[in-house]
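The values are calculated or read from the model by the stated rules, or taken from the named source; none is laboratory data. Just so it is clear, the model here is predicted, and its values are computed rather than measured. Note: ideal-geometry Cβ built from the backbone for every residue, glycine included; neighbour counts use all protein chains shown. Heads up: the accessible areas ignore ligands, DNA and RNA and are worked out on the full protein's heavy atoms, side chains in. Shrake-Rupley method; radii C 1.70, N 1.55, O 1.52, S 1.80 Å.
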Amino acid sequence: MDLEEFRRAGHHLVERLAVYLDEAATKPVLPPARVDELHGLFERPLPLAPSALEEVLATLERDVLPHCTQLSSPGYLGLITGSPLPIGALGDLVAAVINQNLCAWTISPAATALERQVVRWLADLVGYGPEAGGHFVSGGMTANLTGLKLARDFASGDRAQLEGVSEACGVYVSEERHISVDKAVDVVGYGRAALRAIPTDGEYAVRLDALEAAIAKDKRERIRPACIVALAGTTNTGSVDDLRALRQIADREGLWLHVDAAYGGGMLLSRRTPGLLAGIELADSVTVDPHKWFFSPIGAGAIVVRDAARLSRSFGLKPAYLTDEFDHGHRRFNYFEHNLEQSKRFRSLKVWLILLRYGARQLGEWVDANVEAVARLRALIEHTPPFQVACAPKMSSICFRFAPAGVAPERLATLHAEVASAVESDGRFWIGTTMLKGATYFRLCAVNLYTRFEHLQELMCLLTDECERRL
C-alpha cells in the first residue's frame, strides 16, 4: 500500500465508521446472524495471492461491520464495556501507525513521557502522592494480575520472584469478585485453593467479621495471610467494600491491600458523589480501567501503585541488549524494568486524547448521568411489583428480579433466562442474568454515553410484558 492508497482508504473508512456510529441506535444491539453463518463468512484457505484494496475493504464492510455488537447503542446494557468516544478510536489509529513500543525510552520517547503523565493523572484521581507510579495494560485481568504479583513479592520479602512460592498463603476477597482475581491467584503461583471467597452483607460488600475469621483460621493452620483484594464497584451491583476498615486489617496483619476498581474507578470522576470510594488512596495498588467508564475504546486498563519502587522490585531485570549507553543521568524511563510486558502498546494515547478533548469534569457529568438514570430505574422497579431490586445501586449497575408469589425458584431461574433471550431477540436491548446468594436476577450496567432514562423505561415495559407472558 503506497501512501496515496493509505490516504484514500483512511478517508473512506473514517466516513464508513461515522455512518456505523450514526446508525448504532437503529440496529439490533446483537447481530441476528447465527453462529454457523458467521463462521461461514470467514472460512477460507490461507490467502496466497494479494487482493485489490477495494475488494478487501468491501469484504470488511460486508462481513464484519454488520455483524458486530453495537456498543454505541443506547440499548447496550450488558457487560461493562463502555461506549467508545470517537477521539479515542483516532488515538488507536495513530498508535498503530507510529507503532511505538513502550518497552524502552529509546524506541518510544514521547510515548513513554505521555504515558507517565496519564498515569500521574490517574494517581491524582486515586489520591496518591508523588512517589506513585504504574502503567497501562490490556485490562483488569492484567492489572489485577500485576497487583497480586506485587502482593506475593511483598509478602515474601521480595524472595518469591527469585525463589518461587515456598509457603501456603491466603488471598482474601469478596464472593462478589471478578473472575480475574481467581485467575491471578492461579498465575502468581498460589493456586486457586489459596483464594478465600468471603461472604457479603445485605449490600453485597464484604463482611469484615467473616474476613477476620478467615484470616484467623489460616493463621491457626499455619497458612500465611498475604493479600486482601478489596472491591470498589462490584460487577453485579456496583457495591463498595469498606476500604478504610480493610486498610486497618491489612496494616495489623502485614498484608498487601489491592483495590479492584476496574469498573468503579469511573466514580473518581463523579461530581455528585465524589466520596463514594473513600479510602481508596490507602490501598497499596489499584486497578482502574479507562475502557470501562472513561469511555475509551477497549484495551486501556491501568495499574496504579502507591509506591512505584515496588514495581521495580518485582519486575526489575535489565538485559544487556537493552542497555542505553546514552542515559548517563538515568533520566530515560524504561517500562520493561517496571512491568510485565516487553512489547508494550501505546494504550495511554487514546485516554490522553479523551481527557484533553473533554476534560475530567465532562467525563464526570457523563458518569453521573449513568448513575442518575439507574437510580431512577430503581425507583421505577420498586413501584412495579412483583419486580424486586437486590440492593440500592451505588453506581450504574443494578440487579433486579421478577418474583411473583408462589412460583418455584427453579421456574423463576428458567423464566429469567427465557426473558433475557427474548430481549436479545427483540433487538432493542441487551442485558444479562446473574446469581446473587442463590437467586437469579436480571443484571444491567449503564456505562454508555447514549443511554437515557427513557430507554430504561422502554426496557422495563418490555421486561414486564415478557415476564407476565410466561406466568
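Label sites at residue 437 and residue 65, each approximated as a point 7 angstrom past Cα along Cα to Cβ, lie 4.8 nm apart. Among the trypsin sites (Lys or Arg not before Pro) within region 319-390, those in coil by DSSP and having at most 10 neighbouring Cβ atoms inside 10 Å are 331.
One equal scatterer on each Cα of region 321-471, no solvent, Debye formula: the resulting log10 I(q)/I(0) at q = 0.11, 0.13, 0.17 Å⁻¹ is -0.59, -0.71, -0.97. For region 16-75, pairs of C-alpha atoms spaced more than 13 angstrom apart make up 69 percent of the total. Taking the DSSP bridge list for region 256-376 and keeping only pairs wholly inside it, about 50 percent are antiparallel. A convex hull fitted to the Cα coordinates of region 224-374 yields 151 cubic angstrom per residue. If you count Lys pairs in the chain whose Cα atoms are under 18 Å apart, skipping same-chain pairs closer than 8 places in sequence, the total is 4.
Neighbours of residue 207, meaning other residues whose beta-carbon lies under 15 angstrom from its beta-carbon, give a summed charge of -4 when Lys and Arg score +1 and Asp and Glu score -1.
Multiplying the residue separation of residue 213 and residue 34 by 0.36 nm and subtracting their alpha-carbon distance yields 59.5 nm. Per-residue Karplus couplings for region 19-33, computed as 6.51 cos²θ - 1.76 cosθ + 1.60 with θ equal to phi - 60°, are listed in order as 5, 4, 5, 5, 8, 4, 6, 9, 9, x, 4, 9, x, x, 5 Hz, Gly and Pro entered as x. How much of residue 461 can a 1.4 Å solvent probe reach, expressed as accessible area in Å² and rounded to 10? The accessible area of residue 461 comes to roughly 80 Å². Taking the Cα of residue 414, stepping 7 Å toward and past its beta carbon, and measuring to each backbone N in region 430-471: which are under 14 Å? Taking a point 7 Å out along Cα→Cβ of residue 414, the residues of region 430-471 whose backbone N falls under 14 Å are 470-471. Among the GluC sites (Glu not before Pro) in region 290-346, those placed in a DSSP loop whose Cβ has at most 10 other Cβ atoms within 10 Å are 325. Rounded to the nearest 20 debye, the dipole size of region 164-319 about its Cα centre is 400 debye, using +1 on the Cβ of Lys and Arg and -1 on the Cβ of Asp and Glu. Of the residues 213, 471, 93, the one whose Cα sits farthest toward the positive end of the charge dipole of the chain, with +1 on the Cβ of Lys and Arg and -1 on the Cβ of Asp and Glu, is 213.
For region 183-290, GluC sites (Glu not before Pro) meeting the loop criterion (DSSP other than H, G, I, E, B) and having at most 14 other Cβ atoms within 10 Å: 203, 221.
Within region 58-209, the proportion of C-alpha pairs whose separation exceeds 19 Å stands at 72%. Amide H to amide H, with H built 1.01 Å from N, residue 135 comes under 5 Å of 303, counting only residues 5 or more places away or on other chains.
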